[in-house]
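The values are calculated or read from the model by the stated rules, or taken from the named source; none is laboratory data. As the structure is a prediction and not an experimental result, all values here were calculated from the model. Don't worry about glycine lacking a Cβ; one is built from the backbone with ideal geometry, like all the others, and counts go over all protein chains shown. SASA here: full protein model, heavy atoms, side chains in, ligands and nucleic acids out. Shrake-Rupley method; radii C 1.70, N 1.55, O 1.52, S 1.80 Å.
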Amino acid sequence: MVADYTGADLFVDALEQYGVEHVFGNPGTTELPVMDALSRSELEYVLGLHEDIAVGMAAGYASTRRYHSHHDDSVMPAGVVNLHITPGLAHGLGNTYGAEFAGAPLVITAGNHERDFRHEEPLLHGDLLELVDQFTKWSDEVLSVDALPTMLRRAFRVALTPPTGPVFLGLPVDVMQEVTAPDAIEPLGPVPNGGGGDPTQLDRAADLLVDADEPVLVVGDGIARSGTDAVEAAVAFAEAAGARVHAEILGCEVNFPTEHPQWVSHLPPSESLVREAMDTDTVVFAGCSTHTTVSSHEGDLVDADTTCIHLSDDAWELGKNQPADAAVVGDPGLVLEGLADRLDDRLDAATRQERLAAVQAFEDSFGARLWATSEDETPAGDTRASKADLVDTIGSVAPDAFIVGEGITSKYPLLIRSSLAPEGLLSNKGGGLGYGLPASVGAALAESTREEPRDVLGFIGDGSYLYYPQAVYSAARYDLDLTVVVADNRNYRILKDNTQALFGGTDADHDYVGMDFDPPVDLVASAESHGATAERAETPDDIAPALERALDRDGPSVVDVLVHD
């Protein structure tokens, strides 16, 4: 007997037609129609041992595949996740939040009870849309198989259209079992970019930049998400404008080559340093979304009389925290290209050279002081490495690795001390712990689909690692080449730093509660129990050989590096 063609079959076939290759998830009973259809498809199901791991893997995969799609139009960058009804969706919300901040194009789905059964409030019932809507671009539930083709097509288009981000579809068991036909699948169609921007606003921005004295360009992660062409456009704009360049606070991708002479720094979430960097007459915010401090700041980060020019494919970000004297909605790369062309024609060489001299003078002063913040003095008798030691060794041993990071207090030593190339870094932009390790697994899976995959290096703090150490199981299960370096200071150092910032004093003045891992977790044994090879580096001299061995091995390897604060 020939089985009926169902909504679940259509769902899976549509994924294949759209170019999807992997589905991430952790299954349950309400997802069985989809799991059954997957068993007859060419799609690979990627199991996470927790729903938030599945979402994090999908997000790292999608962000990495987006980079690939900039060079190969055949690559589908969207990540697809299938979660288990209400508790499963609730478990996945942490990294859905992270994916929203990362702009990761995700299509998140979850099964649900039959429509005519929910009034009995069965086990696992709940309002899926109420849970997830605040973290997505669009969320809905498919209540008829006839609506499934359109809603699935819409989900992909909304996720992929800039500004990109996660969407959610609820898939009830009975809808997935309803009979339909394969010819009901709707073509995805072309996905537009943000466009080149309003010419009137572009001209207005160019006028303001011509009149500026010392313009500053703040690059946000919207540039990297638009592609390497957008990074090149940022360089062309900076050169045409004679602008000093910084990355936005909490920048998590490479939006400008860090070896360029006009590059100064990633900006840390320090009010004093940010105010100093923004103390100029004209600032251009390009593709920014997180340019503010973590805690409340006492004064304005940008003076009220500063001329502000905002460029983004997300209208919400234009003039959000600072009034905009010019605002351009469009693809950041195309907008910057248009501005560079205008400035090439209108800004004389002498003015440009004066501005470049000011850039160098600022970098000589500011850069040296920022570099000093990346170094920790080794306590007397302490044999552990500093975070600077660790970062410098990674740069020496693995200069071309694709780094996927989540180290809260080790992040800025990495950003300040490393030479970073476009498409060479992804990091946790949302701030909630538990994103980086699953994302690094997803990135390794994405790289494994290429003919010449890059080395993927997860650079993860121990507090972050301990949220989801079982993410390593997925890397082992699918035999992924992934090296995870854990910056292990055995405490939540960021909370201690924030305690001092809030209340004053030093470590000696505070009895920290719940901030130390004492006794410590054996990360090597944990990693080995999940199928990885692992070793510990206890001194600075141990790091390089341990990292070299890890990179040379096939499959996942974890290097637990003890570091001091």
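Determine the pairs where a residue that is free of Cβ contacts under 8 Å to residues at least 60 places away in the same chain, located within the range 48-63, has a partner that is of a type outside the set (Asp, Glu) and part of a helix (DSSP H, G or I) with Cβ atoms under 6 Å apart, the partner being 6 or more residues away or on another chain.
The qualifying pairs are Glu51/Gly88; Glu51/His91.
Examine the range 24-32 for a residue that is in a strand (DSSP E or B), out of contact with any Pro (no Cβ under 6 Å at 6 or more places or on another chain) and closer than 25 Å to Tyr435 by Cα, and state whether such a residue exists.
Within the range 24-32, one or more residues are in a strand (DSSP E or B), out of contact with any Pro (no Cβ under 6 Å at 6 or more places or on another chain) and closer than 25 Å to Tyr435 by Cα.
Quick one: which residue in Val513, Val558, Val563 is closer than 18 Å to Ser440 by Cα and not polar (S, T, N, Q)?
Selected residue: Val558, the only one of Val513, Val558, Val563 that is closer than 18 Å to Ser440 by Cα and not polar (S, T, N, Q).
For a quick check of your reading: which strands (runs of 3 or more DSSP E) sit entirely within the range 207-282 and have at least 1 residues that are in contact with a Gly (Cβ under 7 Å, 6 or more places away or on another chain), open to solvent by 10 Å² or more (accessible area, probe 1.4 Å) and touching a residue at least 40 places away in the same chain (Cβ under 8 Å)? Break it down into steps so the answer makes sense when it comes.
Details: elements: 215-219, 244-247, 263-266.
Fully inside the range 207-282 and qualifying: 263-266.
Keeping to the range 98-157, report how many residues are in contact (Cβ under 8 Å) with a residue 60 or more places away in the chain, open to solvent by less than 30 Å² (accessible area, probe 1.4 Å) and either part of a helix (DSSP H, G or I) or small (Gly, Ala, Ser) (or both).
Residues that pass the stated criteria total 11.
Pull out all pairs, ordered by first then second residue, where Cβ-Cβ is under 9 Å, the residues are six or more apart or on different chains, the first lies in the range 394-405 and is without any contact (Cβ under 8 Å) to a residue 12 or more places away in the chain, and the second is open to solvent by less than 40 Å² (accessible area, probe 1.4 Å) and assigned to a loop (DSSP other than H, G, I, E, B).
none
Could you check the range 460-482 and list, in sequence order, the residues that are farther than 15 Å from Met57 by Cα and touching a strand residue (DSSP E or B) at 6+ places or on another chain (Cβ under 6 Å)?
Gly461, Asp462
I'd like to know if the range 488-503 contains one or more residues that are open to solvent by less than 30 Å² (accessible area, probe 1.4 Å), of a type outside the set (D, E, K, R) and in contact with a strand residue (DSSP E or B) (Cβ under 8 Å, 6 or more places away or on another chain).
Yes; the residues of the range 488-503 include at least one that is open to solvent by less than 30 Å² (accessible area, probe 1.4 Å), of a type outside the set (D, E, K, R) and in contact with a strand residue (DSSP E or B) (Cβ under 8 Å, 6 or more places away or on another chain).
When only residues in the range 1-22 that are hydrophobic (A, V, I, L, M, F, W, C) and open to solvent by 50 Å² or more (accessible area, probe 1.4 Å) count, which is nearest to the chain's Cα centre (by Cα)?
Ala3
What about Tyr467, is it open to solvent by 10 Å² or more (accessible area, probe 1.4 Å), closer than 16 Å to Ala527 by Cα and not in a helix (DSSP H, G or I)?
Yes; evaluated as a whole, the condition is true for this residue.
Considering every residue within the range 351-360, establish whether at least one is surrounded by 17 or more Cβ atoms within 10 Å (Cβ to Cβ) and either outside any helix (DSSP H, G or I) or in contact with a His (Cβ under 7 Å, 6 or more places away or on another chain) (or both).
no
Among the residues of the range 158-196, what is the count of those that are under 24 Å from Lys137 (Cα atoms), out of contact with any Lys or Arg (no Cβ under 9 Å at 6 or more places or on another chain) and open to solvent by 30 Å² or more (accessible area, probe 1.4 Å)?
Here the count works out to 5.
Select the helices (runs of 4 or more DSSP H) contained entirely in the range 371-452, then report the ones holding at least 2 residues which are touching a Ser or Thr at 6+ places or on another chain (Cβ under 8 Å) and surrounded by fewer than 23 Cβ atoms within 10 Å (Cβ to Cβ).
387-397, 411-417
From the set of residues in the range 23-34 that are of a type outside the set (Val, Ile, Thr) and surrounded by fewer than 21 Cβ atoms within 10 Å (Cβ to Cβ), which is farthest from the chain's Cα centre (by Cα)?
Across the range 23-34, the extreme among qualifying residues is Leu32.
Inside the range 35-89, can you point out the residues that are over 26 Å from Leu10 (Cβ atoms) and open to solvent by 40 Å² or more (accessible area, probe 1.4 Å)?
Leu49, His50, His70, His71, Asp72, Pro87
Filtering the range 477-491 down to residues that are part of a strand (DSSP E or B) and polar (S, T, N, Q), which residue is farthest from Phe402 (Cα to Cα)? First the steps, then the outcome.
Just the residues of the range 477-491 that are part of a strand (DSSP E or B), to begin with: 482-488, 491.
Narrowing further to those that are polar (S, T, N, Q): 483, 491.
Numbers: Thr483: 10, Asn491: 26 Å.
For the range 477-491, the residue satisfying everything is Asn491.
Would you confirm whether any residue within the range 512-527 is under 25 Å from the mean Cα position of the chain (by Cα), within 29 Å of Asp400 (Cα to Cα) and touching a residue at least 60 places away in the same chain (Cβ under 8 Å)?
Yes, the range 512-527 has at least one match.
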